[in-house]
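Chemist: A single structure is presented below for examination.
The values are calculated or read from the model by the stated rules, or taken from the named source; none is laboratory data. This is a predicted model, so every value here is computed, not measured. Positions of Cβ are backbone-derived with ideal geometry, glycine not excepted, and every protein chain shown enters the neighbour counts. Surface areas here come from the heavy atoms of the whole protein model, side chains and all, with no ligands, DNA or RNA. Shrake-Rupley method; radii C 1.70, N 1.55, O 1.52, S 1.80 Å.
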Amino acid sequence: MSDYDVIVIGGGPVGENVADYAVRGGLTAAIVESELVGGECSYWACMPSKALLRTGHAVAAARRLPGVTATYDPAAVLTRRDEIAAHWHDDGQVRWAEGAGITVLRGVGRVAGERTVSVTSADGTVTTVTAEHAVAVCTGSVPTSPPIPGLDSIRPWYSRDATSAHEVPGSLAVLGGGVVGVEMAQAWARLGAKVTMLVRDPRLLPNQEPIASELIVDGLRADGVDVRLEAGLDSVEPDGDGVVLSVGGEKLRVDKFLIATGRRPNTSDVGLASVGLDEKGPLTVDDSGRVAGHDWLYGAGDVTGRAPLTHQGKYEARIAAAAIVARAKGQTAEPEPWSEYAATADHHAVPQVVFTDPELAFVGRTEAQATQEGFAVRTVDLDISTAGSYLHAENYTGKARMVVDTERDVLLGVTFVGPDVAELLHAATIAVVGEVPLSRLWHAVPAYPTISEIWLRLLETYRSG
Ligand SMILES: Cc1cc2nc3c(=O)[nH]c(=O)nc-3n(C[C@H](O)[C@H](O)[C@H](O)COP(=O)(O)OP(=O)(O)OC[C@H]3O[C@@H](n4cnc5c(N)ncnc54)[C@H](O)[C@@H]3O)c2cc1C
């Protein structure tokens, strides 16, 4: 007799969803969690980072209207962030899990052979539990750092420090121009820090459409952020409570130094070698979340490296749990594209919002990706200028790009950059996932006056070209 039908290693948003959907499907499930149930997202990533940004954005939006002189108290933002991060206690999430019928096992989980997981608790006690049907590895990701001379002599910030700090630093340097770098640079600048960004590439967010970088650089600079593109960091050294950075011959002293240069899948200490798997790089899974050659082993979320975002990981979790439940009932659960057993959207329909001001919202392929993949591509670029955007704010500035597969008359990707464009994204995601022909999208009429009227302008431009 096994202890559980399904054992999930890692109780972040993804692991929680694998367990929840397995239980909903009639199986028993346990989550093994070494830190806080709820994972990175709830305490150190999505939730606290958005809490740090939200007030500044709301106040900036108000100030775009004539006669508004809104201000805010940074201390109140930090207090609200603490509440949103549940003061770094997971009682609420544990209550939810237990209420959903999931057993929570505290400790470090490691695969210890087929269908077997060892759990090392804080006092060093090791217990072994077995799974009847599946073990799912949902251990997330960890930050990476480039080799920087002097790094060992300082205590840098990583994303956890940047999202959980209890004081606004006087000055902050941010290394990296990816999502975490741009969001945290703006959050702390708006809370009062003097922020310098050091970005190796000639633009921010290099994997996204170039229009994104242009407008976000403008937005950051308007907030006083010193954005330095193509900037190299030579070395770092401690200076009292701060850090001195050597940047191309210049010495830059800052109170805090945030390394935001990316993350890697957390596979290095999860026991994968016990079943002959590589412990470097992502845990490779098929579209149903299953590891080739191990019909009982699954992975979902950041650890797979497929689409490291909370919403996409939770989607993978729902798919993997559906496959586990079906296979437990003796069904084949083939991961046919777009079936309930295949995370097909991971390949070319992933939506993402970067919560800067202006916001960036995109789904699917960029023009460069679509061209590289050999599609017959036509791109439509427009300023977001509609009755809706005019009403939304004085001098509203935004851009939209639509990437069309001209052979099939469907959208491959859509990007919006501008204040408050995040809520435009789901319409684009539906169009991309549904492969809705543009001739039919013509009948999807945007309400007047909304920023969504940009859809009509994009289609008009496409049809007239
Ligand atoms: C600053 C920041 C902001 C972000 N903002 C967003 C956003 O706005 N929207 C978005 O979609 N995504 C965002 N992300 C990405 C998002 O946080 C991740 O995609 C998401 O947390 C992945 O969920 P997960 O469950 O796979 O992993 P995690 O949330 O990392 O959870 C993994 C869990 O596994 C546990 N664990 C690890 N190893 C073991 C082990 N051996 N035994 C037991 N437990 C273990 C960990 O303690 C953790 O609780 C952000 C990331 C960062 C860093």
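Chemist: Could you please state, rounded to a whole Å, how far the C-alpha centre of the stretch 32-57 is from the C-alpha centre of the stretch 204-264?
Modeler: After rounding, the separation between the Cα centres reads 23 Å.
Chemist: Additional query: For the chain, how many pairs of lysine residues have a Cα-Cα distance under 26 Å, where the two are 8 or more positions apart or belong to different chains?
Modeler: 8
Chemist: Taking H as built 1.01 Å from N, whose amide H comes closer than 5 Å to the amide H of Val247, not counting residues under 5 places away?
Modeler: Counting only residues 5 or more places away or on other chains, the set is Asp234, Leu252.
Chemist: Something else about it: Just read off the accessible area of Leu277 with the full protein assembly in place, 1.4 Å probe, to the nearest 10 Å².
Modeler: 40
Chemist: Also, quick follow-up: Give the distance, in whole Å, between the Cα centre of the stretch 405-465 and the Cα centre of the stretch 361-378.
Modeler: Value for the Cα centre distance between the two parts: 15 Å.
Chemist: Near the amide H of Thr261, under 5 Å away, which other amide H atoms are found, from residues 5 or more places off or on another chain, if H is placed in the peptide plane?
Modeler: For Thr261, the qualifying residues are Thr144.
Chemist: Taking 0.36 nm per intervening residue step and subtracting the Cα-Cα distance, what contour gain separates Trp442 from Ala222 on full extension?
Modeler: 75.5 nm
Chemist: If you plug each phi of the stretch 362-371 into the Karplus form 6.51 cos²θ - 1.76 cosθ + 1.60 with θ = phi - 60°, what whole-Hz ³J(HN,Hα) values come out, in order, with x for Gly and Pro?
Modeler: Result, rounded to whole Hz: 8, 8, x, 8, 7, 4, 4, 5, 5, 5.
Chemist: Tell me which residues come under 5 Å, amide H to amide H, from Val227 once H is placed; ignore anything under 5 positions away on its chain.
Modeler: Correct list: Met197.
Chemist: Can you list the HN-Hα couplings for the stretch 455-464, worked out from phi with the Karplus curve (6.51, -1.76, 1.60; θ = phi - 60°), rounded to whole Hz and with x for Gly and Pro?
Modeler: 4, 5, 4, 4, 5, 4, 5, 4, 5, 7
Chemist: Output ³J(HN,Hα) for the stretch 204-215: one whole-Hz value per residue in order, computed from phi by the Karplus curve 6.51 cos²θ - 1.76 cosθ + 1.60 with θ = phi - 60°, and x for Gly and Pro.
Modeler: For the stretch 204-215, the Karplus-derived couplings read 6, 6, x, 8, 9, 4, x, 4, 5, 4, 4, 6 Hz, x marking Gly and Pro.
Chemist: A further question follows. Using only the Cα atoms of the chain, build the gyration tensor, take square roots of its eigenvalues as a ≥ b ≥ c, and label the shape rounded, prolate or oblate: rounded if a/c is under 1.5, else prolate if a/b is larger than b/c, else oblate. Intermediate values should be presented prior to the final figure.
Modeler: Values: a/c = 1.82, a/b = 1.19, b/c = 1.52.
The shape class here is oblate.
Chemist: Where the centroid of each part is defined by its Cα atoms, how far is the stretch 297-319 from the stretch 1-15 in Å?
Modeler: 15
Chemist: Follow-up. Taking every DSSP beta bridge that has both residues in the chain, what percent is antiparallel when rounded to the nearest 5?
Modeler: Of the beta bridges lying entirely in the chain, close to 60 percent run antiparallel.
Chemist: Would you kindly state the longest site-free stretch of the chain, with sites defined as GluC sites (Glu not before Pro) in a DSSP loop (not H, G, I, E, B) surrounded by at most 14 other Cβ atoms within 10 Å?
Modeler: Formally, the longest exposed-site-free interval is 1-113.
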